[in-house]
1. Can you sort R3, R19, R100 by 1.4 Å-probe accessible area, starting with the largest?
2. What FRET efficiency, computed as 1/(1 + (r/R0)^6) with R0 = 30 Å and r the Cβ-Cβ distance, is obtained for K43 and R19, rounded to the nearest 0.05?
3. Pairs of alpha-carbon atoms within less than 8 angstrom and 6+ residues apart define the contacts here; what relative contact order does the chain have, in percent?
4. Provide the net charge surrounding N83, with neighbours chosen by a C-beta distance below 14 Å and charges set as Lys +1, Arg +1, Asp -1, Glu -1.
5. What is the calculated FRET efficiency for D109 to E88, with r their C-beta to C-beta distance and R₀ = 25 Å, to the nearest 0.05?
6. Give me the distance in nm between label points sitting 7 Å out from Cα along the Cα-to-Cβ direction at T118 and D61, one decimal.
7. Sorted from largest down, give the three principal axis spans of the alpha carbons of the stretch 19-91, whole angstrom values.
8. Which residue, L18, L105, L85, has the most motion in a Gaussian network model of the chain that connects Cα atoms within less than 10 Å?
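The values are calculated or read from the model by the stated rules, or taken from the named source; none is laboratory data. Every value quoted in this text rests on a predicted model; they were computed, and no experiment measured them. Cβ placement follows ideal geometry from the backbone for every residue including glycine, while neighbour counts extend to all protein chains displayed. What goes into the accessible areas is simple: the full protein's heavy atoms, side chains included, and nothing from ligands, DNA or RNA. Shrake-Rupley method; radii C 1.70, N 1.55, O 1.52, S 1.80 Å.
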Amino acid sequence: QVRLVESGGGLVQPGGSLRLSCAASGTIFSANAMGWYRQFPGKQRELVATITGGDGANYADSVKGRFAISRDNAKNTVYLQMNSLKPEDTAVYYCKGSIRAYDWLPPVDYWGQGTQVTVSS
């Protein structure tokens with residue numbers, strides 16, 4: 001079974017930075033696209049950033065120029081560097097990975113449990 005575990009959330013002042021990590025573990029043949037999503041109270045989960053296996057990145061307009069997604073394929077880990085944080089970035093951040101457990105199986109989407117990011121003075 002595959003498991004995604006996020007870390008790095010917390011409380012930060014406006015203008016500050018945080019780095020989120022998401023490590024995939026279990027039976028993994030390959031990790032394809034991975035990404036970060038966030039959910040505001042009472043709202044649907046929304047895309048923050050995604051990165052392909054070839055390191056192509058895509059960002060939500062609201063975070064372009066402030067957030068950067070990266071990955072370490074050897075560690076099956078994806079990161080989200082968040083700079084110039086704003087109070088409106090406060091949300092629960094979730095990691096998602098499209099992962100193949102074996103080469104004969106199609107990729108399956110897995111989600112982490114979420115990590116709280118709070119931007120407040």
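1. R3, R19, R100
2. The value I calculate is 0.80.
3. Contact order relative to length: 37 percent.
4. Neighbourhood net charge equals +3.
5. 0.40
6. Taking the two extended label points, one gets 3.1 nm.
7. 37, 26, 17
8. The residue with the greatest mean-square fluctuation here is L105.
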